[in-house]
Amino acid sequence: MTQMNQAEKRPEETAAITLLRLTMPDFPKGRLVSSESPDFIVIVSRKESVGIEITRIDPSSERNLPAEGRQGTKQSLNLNTILSTISRKDEKKALYQKKKLSRLWLVIVSGYDLISPDKRIPPNLDRLKIFSSTFHRIILLDFAKKKHHILFDESNKLWLSD
């Protein structure tokens, strides 16, 4: 599978950030600036900014979901796939830190072209209570259903199912 170049990724990232702003009542108010690592920065004030990294789950890993992740014709997103997606983005920590951001969010996009809209959030996410990441908030954005799920919020120090 070939990597998407930046010109191909930007429209999808823009569509994702637009949907997130529409569906998330506590989306930070401020000026949205296109960036790279993270993909967007919301400038809330002179002292506060929120970096937002947009990513998709690796399509090759999604094709290899284990049988236990399948329920009839509907499939759950695989927890290991989600964790490996987070880990892959955590590796860019040094790039994010250069921006001197107040907070950093990761938005994992599902529900368009590579992931069936029938996929469900793993039911075992709410069992994982201890988690460490570069990101202050991790969000699964379901593009097909036009809704988001906060998977992790550092202020709560636990995973959330909805």
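The values are calculated or read from the model by the stated rules, or taken from the named source; none is laboratory data. This one's a predicted model, so the numbers in the text were calculated from it and none came from an experiment. Positions of Cβ are backbone-derived with ideal geometry, glycine not excepted, and every protein chain shown enters the neighbour counts.
Yes/no matrix, rows are residues, columns are (1) assigned to a strand (DSSP E or B); (2) hydrophobic (A, V, I, L, M, F, W, C); (3) at pLDDT below 95:
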{"site": "E12", "(1), (2), (3)": "no, no, yes"}
{"site": "P28", "(1), (2), (3)": "no, no, no"}
{"site": "I41", "(1), (2), (3)": "yes, yes, no"}
{"site": "S45", "(1), (2), (3)": "no, no, no"}
{"site": "I54", "(1), (2), (3)": "yes, yes, no"}
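Considering segment 56-70, the residues that are closer than 19 Å to P11 by Cβ and not in a loop (DSSP other than H, G, I, E, B) include one that is modelled with the highest pLDDT, namely R56. Scanning segment 120-162 for residues that are surrounded by 15 or more Cβ atoms within 10 Å (Cβ to Cβ), β-branched (V, I, T) and at pLDDT below 85 yields a total of 1. Taken over segment 103-119, the criterion of being part of a loop (DSSP other than H, G, I, E, B) and either modelled with pLDDT under 55 or touching a Gly at 6+ places or on another chain (Cβ under 8 Å) (or both) is satisfied by Y112, D113, L114, I115, S116, P117, D118, K119.
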